[in-house]
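Everything below concerns the one structure shown next.
The values are calculated or read from the model by the stated rules, or taken from the named source; none is laboratory data. Predicted model only: the values in this text are computed from it and were never measured. In this analysis, Cβ positions are derived from the backbone assuming ideal geometry, glycine residues included, and neighbour counts consider all displayed protein chains. Just so you know, the surface numbers come from the protein's heavy atoms only, side chains and all, with ligands and any DNA or RNA stripped out. Shrake-Rupley method; radii C 1.70, N 1.55, O 1.52, S 1.80 Å.
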Amino acid sequence: MTLEQALKLLGTSRVIWIDDHFNDTAALLADMLWQNIETTKQCDFLELRDVVAAFEFNAEDALVAMRQILADADQGRRDEIRQEFLKRQQVIDRDPTEELTTDAIERACKLLGVLKADRWSFDGVDARLEELSGAGDEAVSYIIDLKDSAGGKDDTRGLDIVVALHRLGSKGTAFILTHDATEEDEAGTEKRLLDRLEAEVAKAIALCVVSKHRIAGDSETDAVEEALRVAIKRAGLRRSVHEVLVRAREEVAVSFSHAASSLLRIAPEQLDSHVVDQAYREGVSELHVIERALTGFISQQIRKMFGTDDAVLKASERLRDLREIPLVAAGSVAGPELAAFSKAEVWESDSLINAALTPIACGDVFQVDTTEPTAKSAKSRRFVLLGQPCDIALRPGGTRDGTVATFVEVIETDVKSVGKEKEYTLPVTIDGKYQVCDFRSSATVLLSILDLASFRKDGRISYEEGQERPNGLLPGLKSIYSTRTQQYGALIAAGKASAEAIREFKTAQKAAAKAAKEAGQAAQALSKPKALDGMAFQRELMLTFAAPEEFKYVEAGIFEEAVKIKENRVVVLDRPARVTWRMRRVGRIRSPYADALLDRMVGVINRRAFDLDFMKSSAQTPAANEPVPAE
């Protein structure tokens, strides 16, 4: 693909280059030298010595004289003066980079077809942009130098022009030309520059950074042409996505308007029977159907847009054609933006499900809370709740079809598990880690205890003394709150009484020992009270059953006395007495991924196993420590 073809794919028929290098008229060059007069003095240009000295006494007359001297010089000498000035300014700014030479810029202009009239300096650029945008600039690409030499070391005059393009409603493509980026770090520089722009500007402009290293130095013309093709492809990718997002934003607004209009036309009687009542019966939010209607309709319209909209199809075709130009991958790992989009498809965060006090569901992930004092030495293990969704679902009256489900350990790894029948790896990563479910490490779990996590916005499986029912609970959770918590209130009362009796015993024991010592007699043995008998509350405390070693910290709940800790006279922890299972809900694996886990677990359970085949030879029989494969 030629450079001309690449520009055509980008939709560009005109390239405008805005750079202080084009301060090539006598007046513009004189103004630049005058605005940085100290740098000009250090350059000590022979023909300008007297007029530079005169600036100290009469700047206005000296500027007129400088313009005349430069006007009398030929273009070659003016180029030499400008180049020497820019080099000296870099030394003063302690900038190790070298400015582009006249030859390098001339070569790039020739390759890109930049006309003499389209090589602009920063001087008067705002008025020229306003005139151009009024006539339409859809087919214009702007190459803009990030820094104006008339500014300081940290000058970003180029970004001001990007803001001006946004203000003028430009539809062109903006390239920022800078030494601050290497060819490998152009994407990183784009992010940093976008962060400096206001959010609306950053979203409205398809900004692309081009490193000056691509066109600098003594590179061969073919190499520079290839570098420019790469820059154009990068811009093409940006512009295509930008155009699609602009259309999508418009489509979302229109789709929402249509959906809202339709929803508002539904008769109240139908809202009551088909929306509110149906949701209530299923134990979900009364607005669940409204949420589904909005997301379903808007998603449908966006899918239609991707398949039929002319602008979107044109962008798609451009992306397809640009594949001919190879890009060197910046890294094999997807960046944080792509990772966040992927995670949004797979993972529901605790900031939603816990803050919204949602009932437990298939796919909920619980983690051993190592911030708990009695679990600090524990490994921060994770377990996913798996079971038939309708069996776990809590109905409005506080009933559910099942009382137990299954906890399966989830192991985060950097490597995908392959070929292991009793392990299943989610096909996508979460936070860069594969999620491997080990079905050998599983246990039956009591759902009524897990319900405690839905009563707390921190998602902890815990009940504290004096804990009040939170506002906003769904009817099913509201109906079970008292029955779920009263038993733990009684357990806390028993635990406090037991702890107090033990403290009184220890005090009495010390007093008796002291009195006996003073009387010279042997201390009389006291009857020691029993600690809280966990067996008496085994039913209330047992979370998991027949659990392997991995569940030891969460198998049963424990009673903990109230704790108050001060540091430098400041209370850092003031926690009432409680019952805790040292675990909290940290998120939810969304459908269909949670469904896939459940299917795989059922498949493992449902495997057929046969008696040993005594006809096999010893060479065909697995060793004693090897698993026997299912037939």
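Some points to look at:
- Counting only lysines at least 8 places from K514 when in the same chain, those with an alpha carbon closer than 18 Å to its own are K506, K528.
- Cβ-derived FRET efficiency at R0 30 Å, T483 paired with Q509, nearest 0.05: 0.15
- Where trypsin sites (Lys or Arg not before Pro) fall in DSSP loop in region 63-148, at most 15 other Cβ within 10 Å: R94
- Computed over the chain: relative contact order in percent, which uses C-alpha pairs under 8 Å that are six or more apart: 11
- Projected label distance in nm at Q270 and Q83, using a 7 Å step from Cα toward the beta-carbon: 7.7
- Placing +1 on the Cβ of every Lys and Arg and -1 on the Cβ of every Asp and Glu, with no other charges, gives the chain a dipole of roughly 3920 debye about its Cα centre.
- Computed lengthening from K564 to R303, 0.36 nm per intervening residue step minus Cα-Cα distance: 88.4 nm
- For region 241-350: relative contact order, % (alpha-carbon pairs under 8 angstrom, 6 or more apart): 32
- Region 349-436, relative contact order in percent, only Cα pairs under 8 angstrom and at least six apart counted: 21
- Counting only protein heavy atoms and a 1.4 Å probe, the chain has 56 square angstrom of accessible area per residue.
- For F297, the solvent-accessible surface computed with a 1.4 Å probe is close to 70 Å², ligands and nucleic acids excluded.
- Close amide H partners of I144, meaning residues 5 or more places away or on another chain with modelled amide H under 5 Å apart, are I18, F175, I176, L177.
- The lysines whose alpha-carbon is closer than 27 Å to the alpha-carbon of K343, local same-chain residues fewer than 8 away aside, are K191, K203, K304, K379, K416, K420, K422, K433, K457.
- Between D401 and R607, residue separation times 0.36 nm minus the direct Cα-Cα distance comes to 71.6 nm.
- For region 1-159, a crude dipole built from +1 on the beta carbon of Lys and Arg and -1 on the beta carbon of Asp and Glu, taken about the Cα centre, is about 440 debye to the nearest 20.
- Dividing the helix sum by the residues of the chain, where each DSSP H run of 4 or more adds -39500 (n - 2.57), gives a mean residue ellipticity at 222 nm of -14000 deg cm²/dmol.
- Region 11-48 residues near the modelled I92 label - backbone nitrogen below 12 Å, point 7 Å along Cα→Cβ: 32-44
- Tensor-based shape of region 270-401 (alpha-carbon gyration tensor, a/c under 1.5 rounded, otherwise prolate or oblate): oblate
- J(HN,Hα) series, region 450-460, from Karplus relation 6.51 cos²θ - 1.76 cosθ + 1.60, nearest Hz, glycine and proline x: 4, 4, 4, 5, 7, 8, 10, 6, 8, x, 6
- Given charges at Cβ of Lys, Arg, Asp, Glu: the chain dipole, positive-most of G236, W17, V64: G236
- Among 512-521, 596-605, 227-236, 549-558, sorting by the average number of other beta carbon atoms lying within 10 angstrom of each residue, highest first, gives 227-236, 549-558, 596-605, 512-521.
- For the pair S448 and R167, a Förster radius of 35 Å applied to the C-beta separation gives a FRET efficiency near 0.05, rounded to the nearest 0.05.
- In this rough spin-label picture, where each label sits 7 Å from Cα along the Cβ direction, the M542-A127 distance is 8.9 nm.
- Converting phi to 3J(HN,Hα) with the Karplus coefficients 6.51, -1.76 and 1.60 and the offset θ = phi - 60°, region 580-586 yields 9, 10, 6, 8, 9, 7, 10 Hz in sequence order, with x at every glycine or proline.
- Of (i) -0.60, -0.74, -0.95, -1.11; (ii) -0.49, -0.67, -1.07, -1.35; (iii) -0.52, -0.62, -0.87, -1.13, the label for log10 I(q)/I(0) by the Debye sum over Cα atoms at q = 0.06, 0.07, 0.09, 0.11 Å⁻¹ derived from the coordinates: (i)
- For K8, the lysines whose Cα comes closer than 21 Å to its Cα, not counting residues fewer than 8 places off in the same chain, are K110, K116, K171, K233, K314.
- Taking 0.36 nm per residue of separation and subtracting the Cα-Cα distance, full extension of the segment from A59 to T25 would add 10.3 nm.
- Rounded to 0.05, the FRET efficiency of the D103 and E250 pair, given R0 = 45 Å and the Cβ-Cβ distance, is 0.45.
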